[in-house]
Amino acid sequence: MMNMTELNPASENIADDHTNCEADLSVEKGSVDQQLLTKEETEKTSFTNDQKRILCVALMAYTLSFAGVTLPAPFLPVLDEKHNISSDITGWILGIFSLVQLIMFPVFGKFISRIGVRRTILFGQITCGIFLIAFGLLEYLPVPDPTDKSIDVTYLVLAIVLRILQALGASAFATAAMTLLTSAFPDDTVVMLGYGEVAIGLGLTIGPALGSLLYKLGGFMTVFGGIGGLILLIFVISFFILPADNYDKKEDQKANWTLKEILTHPNVLLSVILIIFIGMSCNMNNPILEPELRDKFGLSQVYSSLVFLVFPVFYLITAPFAFSFRKRCVCI
């Protein structure tokens, strides 16, 4: 009878061969998995023509929505002074835009599944465009007599109402634009949020930059008529290239969160507080900066608008880096 110790070398050889086979199979499997992963990543990064059109319209909507926030700041105080409007009231005329957005963003977000994303974007664009042009017509209102120091109530009411209507339209198409992006790119939500941040910075930059150029060409009416006309042009483009609504109402019903539950969530609450303070820090100088630059340094509206560019330009430059950092954190 053969001793068991004599079989051990053969057994060990068989075990080694089996181990080597398993290692080779693991390497081959890892290589196949890596190829499949690379293929999936390539497919994800290649967008269809419909997705490219949606991305273009949504980012233009986002950009122009936030352009309206900073657009009047370098030019409005001069016109307000002609109508006996003080800088604190000018602050209300400027700030009412953001206040309306604060109220209307959640409202449009709540009812957008019923209204439709396409209808909401088109409604917002045509509303904002028309009332931006109408805001420029304030330049042609009769100026009070220089001896009359009372507030021009007609001018004040029209200015506030027109700013409210502009903000209503801007809120509509900005909300719909984000909904459109997240529904069209469900696997790239973080990337779309990054694009949205860049579009916000671009919009804040375009307001004073393009406004100063238009003001130099033709004055107050040219600024708001030009930007309003641009939004109406984008409305026409959006009308023909935006796809029909395919918003999944069942998915909307699954995430049945109330507004109270959303706002009391710790992460959301912290984000809201941070956004409020950041918004205050970048907009609190808008009503008083242009008069100070004009009175103390003799700067015209065109050069004052360049000072308003400092914050949005830095925002535009740093937003991609912040997005890249956030994306890495999400991956980790």
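At a 1.4 Å probe, what is the % contribution of carbon and sulfur to the accessible area of segment 73-193? The computed percentage sits at 70. For segment 124-271, the solvent-accessible area with a 1.4 angstrom probe is 51 square angstrom per residue. Checking every one of the trypsin sites (Lys or Arg not before Pro) in segment 49-114 against DSSP loop status and a limit of 13 other Cβ atoms within 10 Å picks out no site at all. The convex hull built on the alpha-carbon positions of segment 48-106 has an orientation-averaged projected area of 5.3 nm².
Averaging 1/r over each pair of different alpha-carbon atoms in segment 104-155 and inverting the result gives 14.2 Å, the Kirkwood hydrodynamic radius. For the pair Lys52 and Ile276 in one chain, pulling the backbone fully straight at 0.36 nm per residue adds 77.4 nm over the alpha carbon distance. Among the listed pairs Lys52/Lys260; Lys149/Lys296; Lys52/Lys216, those whose Cα-Cα separation exceeds 26 Å are Lys52/Lys260; Lys52/Lys216. FRET efficiency for the pair Val191 and Leu141, taken as 1/(1 + (r/R0)^6) with r the Cβ-Cβ distance and R0 = 45 Å, rounds to 0.45.
The values are calculated or read from the model by the stated rules, or taken from the named source; none is laboratory data. As the structure is a computational prediction, the values presented were derived from the model and not from experiment. Please note: Cβ atoms are built from the backbone with ideal geometry, for glycine as well, and neighbour counts cover all protein chains shown. Heavy atoms of the whole protein, side chains included, go into the accessibility calculation; ligands, DNA and RNA do not. Shrake-Rupley method; radii C 1.70, N 1.55, O 1.52, S 1.80 Å.
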